[in-house]
Amino acid sequence: MAIGYLITGIAVWGFIGWLVDRWFDLGGVPIGIGAIVGAAGGVYLIARRLGA
Amino acid sequence: MSALSLGSEVPWPPSVNDFYLPSVVDGAYPWLTKVTILIWVAAAALIVFFLVTYRNPQLVPTKKQWLAESIYGFVRNNIAKDMIGHDGVRFAPYLTTLFCFVLLTNLFGIIPGIQMSPNSHIAFPTILAVISYVLFNYVGIRQHGFAKYMKASLIPPAPWYILPLLVPIEFASTFLFRPFTLAVRLFANMFAGHMILLVFTLGGFVMLNSSAWLAPVSLVSWLMTVALTFLEALVVILQAYVFTVLTASYVQGALAEEH
Amino acid sequence: MLLAEVTGSTAAIGYGLAAIGPGIGVGLVFASYIQSTARQPESSRLTLPYVWIGFAVVEALALLGVAFGFVWAGN
């Protein structure tokens with residue numbers, strides 16, 4: 001459950017980053033940014049749903 | 001000797017093609033393979049079993065009635081009521097059917113002489129997962145109405161400025177990955193289980209054929225097959241249970257007032 | 001001068017190295033939870049939210065390692 005949010009976050013925002021990368025041809029940098037953003041979102045969701 | 005002659009044409013290594021069994025009747029592929037026949041057998045066996053055991057219920061249950069009642073009672077009390085709460089009794093018949101069907105089709109993977117689980121083909125777990133997916137969404141929409149259900153499942157409690165970040169994650173995890181993981185978990189377990197049994201059974205024949213030094217080791221390999229069959233029995237029951245429990249927990253999430 | 005040559009994906013080696021940190025981290029998180037619960041059993045409910053937050057933050061690093069391994073495997 002906790003892992004699910006993290007994987008989903010990284011996958012979704014990594015995918016969005018990949019689309020941006022395909023569009024502007026930036027050499028994979030947007031994928032990395034997307035993955036980090038998604039991981040942050042996943043951590044936030046876990047903190048909200050499972051945490052206090 | 002028969003083992004030796006059989007061993008000379010052992011298909012090694014086992015591959016995905018070993019799961020595509022030939023048609024029983026010529027030209028009927030893929031409608032009359034062992035796998036599709038097993039699905040019909042499972043459905044028929046469950047219908048007959050529950051009809052026979054529940055047709056004439058006694059106050060003091062007979063053995064068969066006791067078996068059927070304890071399966072239903074287990075799913076009703078330990079899965080439906082525990083996960084969903086008092087409302088869960090409404091879903092107990094579906095959950096019991098799901099549990100029995102998955103358990104029986106999984107068991108086909110380890111019953112000697114059959115040893116082929118239909119669930120090791122992704123198509124069958126997919127259909128089961130789609131049914132559960134439609135069920136929990138339908139239940140949630142009927143309980144809350146479409147807009148409120150979507151709001152409850154998509155919008156987490158968070159300030160508005162991070163919502164654009166979180167809503168895609170919630171959407172993907174609830175509506176895209178749930179049925180996917182449900183189907184893949186069952187499929188992968190059954191596929192891997194069948195593959196492991198193939199490796200040790202066929203590996204025994206391969207070692208028997210290879211050299212005089214390795215031939216005795218094939219006995220170890222076949223003993224491992226027996227041991228792993230018992231391990232598979234555990235996996236089979238666990239996966240049927242997990243599939244049912246997850247379906248129940250998704251229904252519970254759809255019914256809940258506030259997430 | 002060529003001393004040693006590595007063929008195949010070096011991203012796999014990189015991920016192996018990257019997974020050490022999160023591995024230790026997740027271990028520490030749960031070890032501390034078990035220890036604190038053993039010392040003070042009533043506190044188990046109280047500390048569980050922090051366990052999940054800490055676990056999520058640490059595990060995110062390991063998962064980012066998987067993602068980056070694929071993203072920049074080619075370069």
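The values are calculated or read from the model by the stated rules, or taken from the named source; none is laboratory data. Everything quoted here is computed from the prediction, not taken from an experiment. All Cβ positions, even for glycine, are placed from backbone atoms using ideal geometry, and neighbour counts span all protein chains on display. Ligands, DNA and RNA are excluded from the accessible area calculation, which covers all protein heavy atoms including side chains. Shrake-Rupley method; radii C 1.70, N 1.55, O 1.52, S 1.80 Å.
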Among the candidates A:Gly34, A:Gly9, residue that is among the small types (Gly, Ala, Ser), assigned to a helix (DSSP H, G or I), within 7 Å of another protein chain (Cβ to nearest Cβ) and crowded, with 17+ Cβ neighbours inside 10 Å: A:Gly9
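Residue-by-condition table, conditions (1) within 14 Å of another protein chain (Cβ to nearest Cβ); (2) more than 26 Å from A:Gly17 (Cβ to Cβ):
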site	(1), (2)
C:Met1	no, yes
C:Gly21	no, no
C:Phe30	yes, yes
C:Arg39	no, yes
Applying the selection to region B:200-238, what residues are free of Cβ contacts under 8 Å to residues at least 60 places away in the same chain, closer than 30 Å to B:Leu95 by Cα and open to solvent by 60 Å² or more (accessible area, probe 1.4 Å)? B:Phe230, B:Leu231, B:Leu234, B:Leu238
Among the candidates B:Val52, B:Val75, B:Val48, single out the residue that is part of a helix (DSSP H, G or I) and touching a residue at least 60 places away in the same chain (Cβ under 8 Å). B:Val75
Out of all the residues in region B:78-96, which are touching a residue at least 60 places away in the same chain (Cβ under 8 Å) and among the polar types (S, T, N, Q)? none
Residue check, B:Pro14 surrounded by 13 or more Cβ atoms within 10 Å (Cβ to Cβ) and over 21 Å from the mean Cα position of the chain (by Cα): yes
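Here's the yes/no breakdown for (1) within 9 Å of another protein chain (Cβ to nearest Cβ); (2) open to solvent by 50 Å² or more (accessible area, probe 1.4 Å); (3) closer than 28 Å to A:Pro30 by Cα; (4) not aliphatic (A, V, I, L, M):
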site: C:Gly25; (1), (2), (3), (4): no, no, yes, yes
site: C:Ile34; (1), (2), (3), (4): no, yes, no, no
site: C:Ser43; (1), (2), (3), (4): no, no, no, yes
site: C:Leu61; (1), (2), (3), (4): yes, yes, yes, no
site: C:Leu64; (1), (2), (3), (4): yes, no, yes, no
Is region B:239-250 home to any residue that is within 16 Å of the chain's Cα centre (by Cα) and open to solvent by 50 Å² or more (accessible area, probe 1.4 Å)? yes
